[in-house]
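Visitor: Could you have a look at this structure, given as structure tokens, before my questions?
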Amino acid sequence: MAIPSKKEKYSYKDYLSWDEGERIELIDGEIYNMSPAPSRRHQQVLRELSTAFSVYLQGKECEVFFPPFDVRLLAENKQDDDVKNVVQPDLSLIYDLEKLDDTGCNGAPDMIIEVLSPSSVKLDRWMKYQLYEKAGVKEYWLVDPNNESVEVHLLVGEHYQFQGVFTKEDTVSVNVLNDLRINLEAILI
């Protein structure tokens, strides 16, 4: 079934019935088309981040995923037709493996990283920021390949606290992983 126009609120059940050709996300039941294929630089940065996390996590009971990978937020104990938030973050880190099923992640990952594209800035910086905060994502990184920077937000209580902006000269600690430090010069190539 083709993806309908953006006229009403939709659920994860609707989402599952649509054609797989077009990548979309649902936030509060509204459709958001994902931009065309990301830039080469976006993909390079995502590759390096995925590699750093994958190597670190070998042999650990924690998993990292990148798109296409559905994350259903605020979905715990809900039927598919009641789930209104389905996103495909650039990188999702999940400790609680019970949240994983054959269709993705049912609940908040421990960490989400979004690599900014010109077309996704407002969505990632505002709408997803609020959604991830509300859903309880413990750590949220916004990676800006064009400005060669990483912005870090940590969930303290129910709200994110800004931790700073880091550049190629910096090494950043991953707060949800005790001893992982990411050298940004190796990531922001």
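Visitor: If the label point is 7 Å along Cα→Cβ of Ser39, which residues in segment 162-189 have backbone nitrogen under 13 Å from it?
Guide: Output list for this probe position: 189.
Visitor: Could you tell me the center-to-center distance, by alpha carbons, between segment 113-154 and segment 42-71 in angstrom?
Guide: Computed from Cα coordinates, the inter-centre distance equals 16 Å.
Visitor: Among Lys84/Lys128; Lys13/Lys128; Lys9/Lys84, which pairs are too far apart, with a Cα-Cα distance over 18 Å?
Guide: Lys13/Lys128, as the Cα separations exceed 18 Å there.
Visitor: Using per-residue counts of other Cβ atoms within 10 Å, averaged over each peptide, order 91-102, 151-162 from highest down.
Guide: Ranking, from highest mean packing down: 91-102, 151-162.
Visitor: Based on Cα coordinates alone, diagonalise the gyration tensor for segment 89-189, multiply each eigenvalue by 5, take square roots, and list the semi-axes in whole Å, largest first.
Guide: Ellipsoid half-lengths, sorted descending, are 22, 16, 14 Å.
Visitor: What's the FRET efficiency of Ser54 with Glu8 using the Cβ-Cβ distance as r and R₀ = 45 Å, to the nearest 0.05?
Guide: 0.70
Visitor: Rounded to the nearest 500, what is the chain's calculated 222 nm mean residue ellipticity when only DSSP H runs of at least 4 contribute -39500 (n - 2.57) each, over all residues?
Guide: Helix-only estimate at 222 nm: -5500 deg cm²/dmol.
Visitor: How big is the C-alpha Rg of segment 4-92 next to the rule-of-thumb value 2.2 N^0.38 Å, as a ratio?
Guide: Compactness ratio reported: 1.24.
Visitor: Could I ask something else about it? Pull out the extension gain between Arg125 and Ile189, defined as 0.36 nm times the separation in residues minus the alpha carbon to alpha carbon distance; nm, one decimal.
Guide: Length gained between Arg125 and Ile189: 20.8 nm.
Visitor: Per residue, what volume in Å³ does the convex hull of the Cα atoms of the chain enclose?
Guide: Each residue corresponds to 119 Å³ of Cα convex hull volume.
Any read-out appearing in this document is the output of simple, stated calculations on the displayed coordinates, not a laboratory observation. Source: prediction; values computed, not measured. Note: ideal-geometry Cβ built from the backbone for every residue, glycine included; neighbour counts use all protein chains shown.
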